[in-house]
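Report on the following structure.
The values are calculated or read from the model by the stated rules, or taken from the named source; none is laboratory data. From a predicted model like this one, the values you see are computed outputs, not experimental measurements. Positions of Cβ are generated from backbone atoms using ideal geometry, with glycine treated the same way; all protein chains shown enter the neighbour counts. These area figures cover heavy atoms from the full protein model, side chains too; ligands, DNA and RNA do not enter into them. Shrake-Rupley method; radii C 1.70, N 1.55, O 1.52, S 1.80 Å.
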Amino acid sequence: MAIITTKDMFKKAYAGGYAIGAFNVNNMEIIQGITEAAKEVDAPLILQVSAGARKYAKHGYLMKLIEAAVEDTNLPIAIHLDHGDTFEICKACIDGGFSSVMIDGSHHSFEDNITLTKQVVDYAHAKGVVVEAELGRLAGIEDAVAVKEEDASYTKPDEVEEFVAKTGVDSLAIAIGTSHGAYKFAGKAQLRFDILEEVQRRLPGYPIVLHGASSVIPAYVETINKYGGNMPGAKGVPEEMLREAAKMAVCKVNIDSDLRLAMTAAIREVFATKPDEFDPRKYLGPGRDQIKELVKNKLVNVLGCNGTASSY
Ligand code: G3H
Ligand code: 13P
Ligand code: ZN
C-alpha cells in the first residue's frame, strides 16, 4: 500500500457513517503508537504535520518515518499538512510528497480566503494532491497563535456553497464550537449540530472536517497533576458528540492535544516512580504504548472506522 489521498477515505466514511482520525505527528514514537493501533483495528489513517512539526522534526525525517509506517503496516495512510497558512508552505509540502494539504485562510476575508484557497487547489490538483480549507474560525491555540474566544466565529452556512464552487476545494473545516488545545473555552463543548446539519443539507455528500476535537481525557490530566502538574480541570469535546458528528457529514476528526496528554502522562509516571531512569527507551516506550491505547479507543469507540482499512 502506498501513501494515498483522502478522496477514497472520505467517500467510504461518508457512506459508512464513520470518520477518519487525523492525528498530529512530531516524532517516531508518536507515529508508531498511532499506526500500530490502527493496524490492530484495521483502520485507515490521516497523519498530519503542522508547520511547527516540520520545523521541529524536519520535513524529510517525517516523510521517511511515515513511509516506514506505511511499509510496516500496509495500511491506507494519507500525509496531510495541518493549518498551512500560505501558498508557499502548501507548495513545499505538495512538492515534498504530501498527499493532502490544508490551506487555512480562515483569518482572511471571505473573498481573500477564496482567492488563496483557489491558488492552492489549482497547484495541488495538477499534482494529484487534495486540499482542505476552513470557513469560520475556531478559538484556541495553533502554532503559538492564540485566537481569543471573542475573535472566534461560527461558520456561516450560507457561505459554504459559493466557497466550494469557487475554489473547487475537496473538504471543508467548519467552526461549530470546538476549539484547539488542552484548555478549551467551552465547558462541556456545545457543538452547534444545527450548523453542521445546514452545511450538510447545502453540500450533499461533501466531506466536512472537525478541528479541535480532543476530549482532553480527564485520566491523563489527573495523572499529570498527580505527579506535579497543575493543569486546570479537563474541558474537552465529549466523545459521544464526536460519534454523532462522525455519523453525519464529518469525515475527518483532528486530534492532537489528547496525544500530547497521553504521552506526557505516561512519561511523568515513569519519572515519578523511577526517578533514576535515564534510558530514553524506558520513558519514550511507555509514551508510545499510551498513545497506542488512546488511538485504538478513538478509532473503535469514537470514530467507528475500525475494520475498514482492508477494503482499500
Ligand atoms: O491545531 C494545531 C495542532 O494542534 C498542531 O499544533 O502547531 O503546536 O504543532 P502545533
Ligand atoms: P486538539 O487541540 O483539540 O487536539 O485539535 C487538534 C487540531 O485541530 C489540529 O489541527
Ligand atoms: Zn486544527
Somewhere in segment 180-193, is a residue over 27 Å from Ala265 (Cβ atoms), in a helix (DSSP H, G or I) and either in contact with a strand residue (DSSP E or B) (Cβ under 7 Å, 6 or more places away or on another chain) or open to solvent by less than 30 Å² (accessible area, probe 1.4 Å) (or both)? no
For segment 16-30, which positions are part of a helix (DSSP H, G or I) and among the aliphatic types (A, V, I, L, M)? Met28, Ile30
Of all residues being out of contact with any helix residue (DSSP H, G or I) (no Cβ under 7 Å at 6 or more places or on another chain) and within 12 Å of ligand 1 (Cβ to nearest atom) in segment 210-222, which is nearest to His180 (Cα to Cα)? Just the residue, please. Gly212
Restricting attention to segment 209-226, does a residue exist that is among the charged types (D, E, K, R), surrounded by fewer than 20 Cβ atoms within 10 Å (Cβ to Cβ) and under 30 Å from Gly168 (Cα atoms)? no
If we keep just the residues of segment 197-208 that are touching a Ser or Thr at 6+ places or on another chain (Cβ under 9 Å) and hydrophobic (A, V, I, L, M, F, W, C), which is surrounded by the most Cβ atoms within 10 Å (Cβ to Cβ)? Val199
Single residue of Ala173, Ala246, Ala219 found to be in contact (Cβ under 8 Å) with a residue 40 or more places away in the chain, within 13 Å of ligand 2 (Cβ to nearest atom) and out of contact with any Lys or Arg (no Cβ under 6 Å at 6 or more places or on another chain): Ala173
Per the filter on segment 1-40, residues over 15 Å from Asp256 (Cα atoms) and aromatic (Phe, Trp, Tyr) are Phe10, Tyr14, Tyr18
